[in-house]
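The values are calculated or read from the model by the stated rules, or taken from the named source; none is laboratory data. Keep in mind it's a predicted model, so treat the numbers as computed, not measured. So basically every Cβ, Gly included, is an ideal-geometry build from the backbone, and we count neighbours across all protein chains shown. Side chains included, ligands, DNA and RNA excluded: accessible areas come from the protein's heavy atoms. Shrake-Rupley method; radii C 1.70, N 1.55, O 1.52, S 1.80 Å.
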Amino acid sequence: MTTAPMSKQVLLKKLDGLRQIPTIPAVLAPLLKYLEQPVERLHVQKVTDLLAQDKSLAAQCLQMANSPLFGRWQKVESLRGAVVSLGFRNVSDIAMSCGVLNMLPGEKTSLDPVVFWEHSLGCALICRHLARNTNQSDPAKAYLAGLLHDLGIIVNLWVLPQEFRTAYESAKTRGIPLHEAEQKFLGFTHCDSGRLLAERWGLSPELIAVVSHHHSPENSSEHAGLVALVHIADLLCRMSGLNYGYIEDREVNLFEDPGFTILEQASASLKSFDWARLTFELDSYMDEVHGLVRAIYRK
Amino acid sequence: MTIASVPQPALAIVGPPDPDLVRIRDLIYQVAGIFHPDNKLRLLQDRCCRRMRELKVQTLREYFERLTTHPIRQAELTALLNEITIGETCFFRNRQQLDALRRIVIPNILQIKSKTPLRRLRIWSAGCSTGEEPYTLRMLLLDDASGPLKNWSIEILATDLNERSLAHAREAVYGTYSTRNLTPANRTKYFIPHGEQLRVSPAARTNIGFSRLNLSDDSRMTFMKSMDAIFCCNVLIYFDLASKRRVIQHFFNNLLPHGYLFLGHAESLYGVSDDFRLVHLPGATAYVKGERLLGSTAL
């Protein structure tokens, strides 16, 4: 995705001037860093203490920990209990989800935060599912990539709320992909603005590639496998009930998609993957994701 | 937007799905191609329970054995499939599939065929039962008769194995169950009162040909040529793999290169055919011929 030079400069300037630029919650960075260590060096109490520093985050984590989406079927009442029963990997996924959830602007936005998070969380879960079933990527990494792929939408909501509203409404009315409308009305897409934020946050090169190229995986020279995986998961979500608040009015043939070709080259098991079943399974993800996000937002 | 500060018991913890129910779900998918995602497992359990009461079987495990190792397992499988699809037939049954047909598929077909001199649309309802599906298709196409379909001739072929169902279809009189999904507008536009029931209006009965056809009758199947779309919902589920493959091969040959095959909700061709490719439409899926290339769609 190329950006008109003028627009990109304008965007950069806007981003630099912005006082309220979204930041990763203070507690999250040390927690995620700690969780990167080999499992045998991790301590349950330390993770619990780190999480407990942010009460709101801790409460949300506990709520997510009680969702079947993270494999829980018995009620977890304490943070420590959540850490023990879910395992460190899941705690990391959940903490990151909750942390990023809080970054949307507080005031009324064109894109309902609930809808945005249903899409992001849904995409994260489909990425994890695909990674597990195709041995394409590390499931935890794929989850995080799915969760953060639309980071640029958060930037657009902060930086150019009015212009983004116009783009979003146009995309919704015409049933076209959001990034096409952004390009037209903003001069850049959430891939471009997401890249700027991802770089500023110092995210890993893999995540920067996902944020930048998830609508054009063929342009991703490195980490193409993960980018393509997120691209496909995103596409499936947008064509189902886990979309951005509207379903795109078109036909998608995965097998003719450039992202699919990249995935197929990287993963032999993809040839026999059951896409129909995954599509039907999206239904149950949808119910769970709707319930969870709405519970967190008390809607 | 309020972020909850304390955990809310908003999500019911219903417990993990019964492993025996999951085994039955997977068996049904493997042999019949109908998938029940986790959020529909309760429905499947209800259907199994009805059969279990009939058979005086106490547990799902025991019932699974009936479906797999018992000498009359094939008969029981058919009985369960009947329970699963019972009450499925009604007008405008799968709204998202019909919307996708009208908004995406028909315009695609018209665009491709506009280059040919023959302005004819041919749709086959294979396994039309008592006629609700072909009449629904006719009504849908009539809605566009003075718009995009102006000057196009429409031909709907409706076939079924069962003479009694076909007689009902030709009679075109329906009770409240079949007509439960009708919008008031469609009820007025396409039906006339017939005692306490409703009869399909003469306009909506035009251009539909009902005939008896066994989908396993190879010689007659070869005559169903030049189809733009085939609907075959909840019919193939009763066929064994070899017969299913034969029918699908006929469908493949009978469809024009741009043709579409629609199956029932959550019905899949996985493991049956490599010739057809799954495509995603807004909230629905269909199958297309693998070798075709429509105009590329922007992703």
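In a simple Cβ point-charge model (Lys, Arg +1; Asp, Glu -1; nothing else charged), segment A:136-247 has a dipole of about 300 debye relative to its Cα centre. Between segment B:61-111 and segment B:247-289, how many Å separate their Cα centres? After rounding, the separation between the Cα centres reads 15 Å. Just the protein heavy atoms count here, and of the accessible area of segment B:109-206 at 1.4 Å, carbon and sulfur take up 54 percent.
Considering all different alpha carbon pairs of chain A, the Kirkwood hydrodynamic radius works out to 19.6 Å.
Going by accessible surface with a 1.4 Å probe and the largest first, B:W152, A:W158 read A:W158, B:W152.
Among the chymotrypsin sites (Phe, Trp or Tyr not before Pro) within segment A:38-104, those in coil by DSSP and having at most 13 neighbouring Cβ atoms inside 10 Å are A:W73. Ordered from largest to smallest accessible area (heavy atoms of protein chains, 1.4 Å probe), the residues B:R164, B:R102, A:R277 come out as B:R164, B:R102, A:R277.
About the Cα centre, and with charges only on the beta carbon of Lys, Arg (+1) and Asp, Glu (-1), how big is the dipole of the protein assembly as shown? Nearest 20 debye, please. Can you show the working numbers first?
Values: 68 positive and 62 negative charges, 216 e Å.
In debye, rounded to 20, the protein assembly as shown gives about 1040.
In segment A:65-194, a dipole from Cβ-located charges (positive for Lys and Arg, negative for Asp and Glu) runs towards its positive end, and of A:C123, A:V100, A:S67 it is A:S67 whose Cα lies farthest in that direction.
Heavy-atom accessible area for B:K189, with the other protein chains in place and a 1.4 Å probe, reaches approximately 120 Å². Relative contact order of chain B, taken over Cα pairs closer than 8 Å and 6 or more residues apart, is 18 percent.
Dipole orientation for chain B: of the candidates B:V31, B:L182, B:P117, B:P117 has the Cα lying most toward the positive pole (charges on Cβ; Lys, Arg +1; Asp, Glu -1). Considering only B:F191, B:S165, B:L236, and ranking their Cα positions along the charge dipole of segment B:153-299 that arises from unit charges at the beta-carbon of Lys, Arg, Asp and Glu, the one farthest toward the positive end is B:F191. What's the tally of Lys pairs in chain A whose alpha-carbon atoms lie under 17 angstrom apart, where the two lysines are 8 or more places apart or on different chains? Counting lysine pairs in chain A gives 6.
Would you kindly calculate the mean projected area, averaged across all directions, of the convex hull enclosing the Cα atoms of chain B, in square nanometres? If I average the Cα hull's projected area over directions, I get 21.0 nm².
Please report, in debye to the nearest 20, how large the charge dipole of segment A:194-299 is about its Cα centre when each Lys and Arg carries +1 at its beta carbon and each Asp and Glu carries -1 there.
Details: 9 positive and 16 negative charges, 102 e Å.
Using only the charged Cβ atoms, the result is roughly 500 debye.
B:T188 exposes around 110 Å² of accessible area when a 1.4 Å probe is run over every protein chain in place. Charge tally for B:A266 (other residues, Cβ to Cβ under 12 Å; Lys, Arg +1; Asp, Glu -1): -1. Helix by helix through chain A, keep the DSSP H runs that span 20 Å or more along the axis on Cα and average at least 1.0 on Kyte-Doolittle, and give those back in order. Once both thresholds are applied, what remains is A:224-238.
For chain A, the relative contact order works out to 20 percent when only alpha carbon pairs closer than 8 Å and six or more residues apart are counted.
If you take the alpha carbon radius of gyration of the protein assembly as shown and divide it by 2.2 N^0.38 Å, what ratio comes out, to two decimals? Kindly include the intermediate steps, with their values, before the conclusion.
Working: Rg = 26.1 Å, N = 598, 2.2 N^0.38 = 25.0 Å.
Normalised by 2.2 N^0.38 Å, the Cα Rg of the protein assembly as shown equals 1.05.
Kirkwood radius, segment B:40-95, all distinct C-alpha pairs, inverse of mean reciprocal distance: 12.1 Å. Axis of helix B:41-55 versus longest Cα principal axis of chain B: the two differ by about 70°, to the nearest ten degrees. Beyond 24 Å, how much of the Cα-Cα pair distribution for segment B:7-154 remains, as a whole percent? Value for segment B:7-154: 53 percent of Cα pairs lie more than 24 Å apart. Pairs of C-alpha atoms in segment B:123-272 farther apart than 29 Å represent 19 percent of all such pairs. Ligands, DNA and RNA excluded, the heavy atoms of A:E163 present near 80 Å² of accessible surface to a 1.4 Å solvent probe. Rolling a 1.4 angstrom probe over the protein heavy atoms with all chains in place gives chain A an accessible area of 39 Å² per residue.
Its convex hull of Cα atoms gives segment B:175-256 a direction-averaged projected area, equal to a quarter of the hull surface, of 7.3 nm².
Counting only protein chain heavy atoms and rolling a 1.4 Å probe, the accessible areas of A:E264, B:E83, A:E248 rank, largest first, as A:E264, B:E83, A:E248. Below 12 angstrom from the Cβ of B:R42, what's the summed charge of the other residues (Lys, Arg +1; Asp, Glu -1)? Overall, the nearby charge balance is -1.
Relative contact order, whole percent, for segment B:123-232 stands at 40, derived from Cα pairs under 8 Å and 6 or more residues apart.
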